[in-house]
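S.K.: Quick one: this structure, given as structure tokens, is what I'll be asking you about.
The values are calculated or read from the model by the stated rules, or taken from the named source; none is laboratory data. Since we're looking at a predicted model, the values are computed, not measured. So basically every Cβ, Gly included, is an ideal-geometry build from the backbone, and we count neighbours across all protein chains shown. What goes into the accessible areas is simple: the full protein's heavy atoms, side chains included, and nothing from ligands, DNA or RNA. Shrake-Rupley method; radii C 1.70, N 1.55, O 1.52, S 1.80 Å.
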Amino acid sequence: MQQPVFSLTISSPTNIALIKYWGKRDAKINLPINSSVSVTLNQRDLRTVTTVSASRSFSRDRLWLNGEEEDVNASRRVLAVFREVRARAGDLRDPKTGQVLVRKDEWDGLRVWVVSENNFPTAAGLASSAAGYAALTFALSKLYGLPDSLADELSCIARMGSGSACRSLAGGFVAWDMGQRADGVDSRARQVADEAHWPELQVLVLVVSDTKKTVSSTAGMQTSVDTSPLLAHRAAAVVPGRLAEMEAAYQSRDFGKVAELMMRDSNQFHATCLDTYPPVFYMNDASRAIVRMVHALNEAAGETVCGYTFDAGPNAVLLTLKRHLPTVLAAANTHFPPKRPVEATLASESLLAALKSTPLPPKLSSLYPLAPMRGAVSYIYHTDVGPGAMLLPDSESLAGEDGTPLRLAAPAASPPHQKLLLAAIAIAAGCVALKVARK
């Protein structure tokens, strides 16, 4: 007898921390030494799409990431997400009819296949693990019929996969409260403001490198915890006050204050990496040049028009406002002409037109006299603040009716940017994409 395959597809965003967490007090369940806050980036531009399929015909759990199969059992973090979601499993129901498709007590007889793709670089300091584990957690929770009332528990489960993944479940401006309990039940995300709160806020991502970083965030932060006195001081004496200031500034839409706080925090975070022994280097020469250019641009403009932040990688995330976006983009494009021209990576025709007609502030050339670093930036993304994890329609499924991936990894000789284009860009309506297919 052929067994049915039950499948659904979701998408999850990446997020960029404005006040960062670095260091864990419990590495096993990802409990941080300080709280943090982030903005969720719009899934129109940067997202992870994940399809999960369950069937009695599957003999074991399997996972494909960007077309390549990974060993599920080799990842403690993946196993933790599976374990915690399964422990809370409910009935799987048809969203249209309400019919029970899988009863709570039947799940032990089904295994799950996961197909996941990013449309942005993995492990390059753009929070790909946050998007990925948020996607895995959210997809499994929907497949296993977890009720919405378990949202706080879901946040904790995502955190077990990747700490910052708990922030990618929600949209807008999101805080991750470190909590105090040893079991971590109070270490979870909290939405401070939704994605509609500040529509003027815009984001540019300058991808300096899309290759996997040499020191992972997990390894880097543990070394910092073990060896950096500055990190301990930062967590105890600096971050709590800075978090309160940042929340107040974001709520009041005080861009100047938000930009100052995010830049100061980014600088201090990378100072703790330098204070680590041996030191950890995530920024490179191009990253530092972008920092200098942003400060020169703000001075030349006579106001704060841009702020920067760098996660554990060389890639710059610039925040600005709609009215300043053409100027900031023009400065970035002039001083860091990307390998892939902006005409190939920016979807907005009006923004491209504004870019061509926007002059740079006259004082910028004297304040930032360095020659353009042509090719130091690979490409530039433009996005804004967006919603959290969402269900997608069946048309966006990454798996066939039998649960296997529709796309496998391109041959090694293929251009490296092909992987960035695997996932579709369009955001579909947030309806449940549950299908019952016959294998």
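S.K.: For the condition in contact (Cβ under 8 Å) with a residue 40 or more places away in the chain, open to solvent by 60 Å² or more (accessible area, probe 1.4 Å) and charged (D, E, K, R), what is the one hit in Glu84, Glu68? Reasoning before the result, please.
M.R.: Working: Glu84 fails: open to solvent by 60 Å² or more (accessible area, probe 1.4 Å).
Of Glu84, Glu68, the one residue that is in contact (Cβ under 8 Å) with a residue 40 or more places away in the chain, open to solvent by 60 Å² or more (accessible area, probe 1.4 Å) and charged (D, E, K, R) is Glu68.
S.K.: Tell me, please, whether a residue that is surrounded by fewer than 16 Cβ atoms within 10 Å (Cβ to Cβ) and among the acidic types (Asp, Glu) can be found in the range 206-218.
M.R.: no
S.K.: Which number in (1) surrounded by fewer than 23 Cβ atoms within 10 Å (Cβ to Cβ); (2) closer than 26 Å to Phe281 by Cα; (3) outside the structural domain of Asn333 (by the TED database) marks the one condition that Trp176 misses?
M.R.: Single failed check for Trp176: (1).
S.K.: On to the next question. Of everything in the range 332-364, what is over 27 Å from Asp210 (Cα atoms), surrounded by 13 or more Cβ atoms within 10 Å (Cβ to Cβ) and of a type in the set (S, T, N, Q)? Give them in sequence order.
M.R.: Hit for the range 332-364 is Thr358, nothing else.
S.K.: Let me ask you something else. Strands (runs of 3 or more DSSP E) wholly in the range 1-78 with at least 3 residues that are assigned by the TED database to the domain that holds Gly109 and over 30 Å from Tyr250 (Cβ atoms) - which ones?
M.R.: Values: elements: 4-13, 15-19, 24-26, 36-40, 47-55, 62-65, 68-70.
Per the criteria, 4-13, 47-55, 62-65, 68-70.
S.K.: Confirm whether Lys212 is out of contact with any strand residue (DSSP E or B) (no Cβ under 7 Å at 6 or more places or on another chain), among the charged types (D, E, K, R) and part of a loop (DSSP other than H, G, I, E, B). Before the answer, list the steps.
M.R.: Details: out of contact with any strand residue (DSSP E or B) (no Cβ under 7 Å at 6 or more places or on another chain): yes; among the charged types (D, E, K, R): yes; part of a loop (DSSP other than H, G, I, E, B): yes.
Yes: the conditions hold for Lys212.
S.K.: Quick one: is Ala428 at pLDDT below 95 and open to solvent by less than 20 Å² (accessible area, probe 1.4 Å)?
M.R.: Here the answer is no, as Ala428 does not meet what is asked.
S.K.: Name, by its number, the condition in (1) at pLDDT below 95; (2) of a type outside the set (Ser, Thr, Tyr); (3) open to solvent by 50 Å² or more (accessible area, probe 1.4 Å) that does not hold for Ala232.
M.R.: (1)
S.K.: Return yes or no: is Arg25 over 20 Å from the mean Cα position of the chain (by Cα) and under 30 Å from Gly307 (Cβ atoms)?
M.R.: Numbers: over 20 Å from the mean Cα position of the chain (by Cα): yes; under 30 Å from Gly307 (Cβ atoms): yes.
Yes, satisfied.
S.K.: Same structure, new question: Among the residues of the range 274-307, what is the count of those that are open to solvent by less than 40 Å² (accessible area, probe 1.4 Å) and either without any contact (Cβ under 8 Å) to a residue 60 or more places away in the chain or among the charged types (D, E, K, R) (or both)?
M.R.: 8
S.K.: While we're looking at this one, here's another question. Could you please find all residues in the range 87-101 being open to solvent by 50 Å² or more (accessible area, probe 1.4 Å) and either assigned to a strand (DSSP E or B) or in contact with a Lys or Arg (Cβ under 8 Å, 6 or more places away or on another chain) (or both)?
M.R.: Initially, the range 87-101 is screened for residues open to solvent by 50 Å² or more (accessible area, probe 1.4 Å), giving 87-88, 91, 93, 95-97, 99-100.
If the condition is that a residue be open to solvent by 50 Å² or more (accessible area, probe 1.4 Å) and either assigned to a strand (DSSP E or B) or in contact with a Lys or Arg (Cβ under 8 Å, 6 or more places away or on another chain) (or both), then Asp91, Arg93, Gln99, Val100 are the ones that fit.
S.K.: On to the next question. Identify all residues within the range 148-173 that are closer than 22 Å to Ala248 by Cβ and either surrounded by fewer than 24 Cβ atoms within 10 Å (Cβ to Cβ) or not assigned by the TED database to the domain that holds Leu136 (or both); write none if there are none.
M.R.: Selection gives Gly172 alone.
S.K.: In the range 235-254, how many are open to solvent by less than 10 Å² (accessible area, probe 1.4 Å) and either not assigned by the TED database to the domain that holds Gln268 or not small (Gly, Ala, Ser) (or both)? Reasoning before the result, please.
M.R.: First, the residues of the range 235-254 that are open to solvent by less than 10 Å² (accessible area, probe 1.4 Å): 239, 246, 249-250.
After this cut, where a residue has to be either not assigned by the TED database to the domain that holds Gln268 or not small (Gly, Ala, Ser) (or both) as well, the list is 239, 246, 250.
Total meeting the criteria: 3.
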